[in-house]
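Following: one structure in structure tokens, then a few remarks.
Nothing in this text is a laboratory measurement; each read-out follows from the coordinates by a stated rule. Remember, predicted model here, so these are calculated numbers, not experimental data. Glycine also receives a Cβ, built like all others from the backbone with ideal geometry; neighbour counts cover every protein chain displayed.
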Amino acid sequence: MSHDDWPQQLKPVAGPFPATRIDGAAAGMGDHGPATRALIADGFVPPDLITGMTLFLLARQPQPEPGREPGSDVPGKRPKASPIAGGVWVREQFTIHRPLRRADPFVVTGEATGRHVHKGRRYGTTRSQSHDSEGRRFASNLTIGLLSYRVEPHLVDEVEGLPLDRTAAPGPDPAAAAANPHLDELRSATVGERLGGHELVLSLAMMAARDTTTPDNPIHSDVEEARRAGLERPIAGGSHVLAFAIEPLLAAWGPGALSHGSRFDVRWRAPTEADAVIVPSATVIAVEPDRVDVDLTVTLGSGPVAMIGALTVPLPT
């Protein structure tokens, strides 16, 4: 396949999110998400679910015909030995342009921009845009997903489609900042301020509650599916891990503080297995007239870093 064959358009899909999925996001916080639950109770989709707009798009693409290899007719995918349903996100860059009401219908459009092999693993890159029932954009996403968890030693490093350094990524949306109802709280942030930082257990029960009975990717809650994908235990979804780093910001600044032009760049460095102890935290690294910058981190109790992220919240000038 040549570079001229990319990007590959995906079939648009429509929402809203199932009510069970949003309620699952609240239940998946266990006892550690009062601000997230309050936002959902007020009728809004929490920021962490916006991480998954590309997954929402990919999971609803037409399925292969009976007898054909999985992935053989889905843009941006190829037949592979050890597929993971829905993929495993390794990096997500996304902007939340405006809040989304939980019952509001939406449309997600997107394209597979490329795929690559690195150290025996296959990755795919997908870009998406999401618009609400009034045609207003509420999310822009650029996703890098791991297509097969098992290493395939025979694979050589290669790139098809747009190289990552030439793939446009979403940035902060300053035009949306004026509508933020929590500007006073944001402007009162101080450099070096650390929010969160407390240990919690991310249990299999919490993962199952978030996944609901119809998961897009069952390796996050089903022991057997996880083993078939090459995992010893189910691993938490990337957006689930991110939710715990976002929670202290929502609690400190207000439930809508991150839903008006905020841009996230999140990387998942190590799997968060069921029943792992995690320490999520958010550290303010810059407060400027036009923005607040935050470092997001989730470490595992055993020491490794599970997730890092950079968050920019724009302010009106």
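See the values below:
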{"item": "Nitroxide proxy distance, nm - points 7 Å out along Cα→Cβ at Arg227 and Glu199", "result": "3.0"}
{"item": "Listed peptides 241-254, 38-51 by packing density, highest first (mean Cβ within 10 Å)", "result": "241-254, 38-51"}
{"item": "Distance-filtered residues of the range 98-121 - backbone nitrogen under 18 Å, label point 7 angstrom along Val90 Cα→Cβ", "result": "112-121"}
{"item": "Coordinate range along principal axes, alpha carbons of the chain, Å, largest first", "result": "57, 41, 35"}
{"item": "The chain, relative contact order [Cα under 8 Å, separation at least 6], %", "result": "21"}
{"item": "Charge context of Ala257, other residues only, Cβ under 15 angstrom, K/R +1, D/E -1", "result": "-4"}
{"item": "Sum of -39500 (n - 2.57) over DSSP H runs of 4+, divided by residues of the chain (222 nm, nearest 500)", "result": "-5000 deg cm²/dmol"}
{"item": "Distance between modelled label sites at Asp165 and Ile285, nm, 7 Å Cα→Cβ extension", "result": "2.1"}
{"item": "Segment Thr20-His118, extension gain: residue separation times 0.36 nm, minus the distance between their alpha carbons", "result": "31.6 nm"}
{"item": "Net charge contributed by nearby residues that have their C-beta within less than 15 Å of Val266 (K/R +1, D/E -1)", "result": "-2"}
{"item": "The chain: DSSP helices with Cα axial extent of at least 15 Å and average Kyte-Doolittle hydropathy no lower than -0.5", "result": "238-253"}
{"item": "Value of Rg/Rh across the range 172-304 [Cα atoms, Kirkwood radius]", "result": "1.03"}
{"item": "Potential extension, Arg187-Thr109 segment - 0.36 nm per residue separation minus Cα distance", "result": "24.6 nm"}
{"item": "Label-reachable residues, the range 196-231, where backbone N falls under 20 Å from a point 7 Å from Asp31's Cα toward its Cβ", "result": "196-210"}
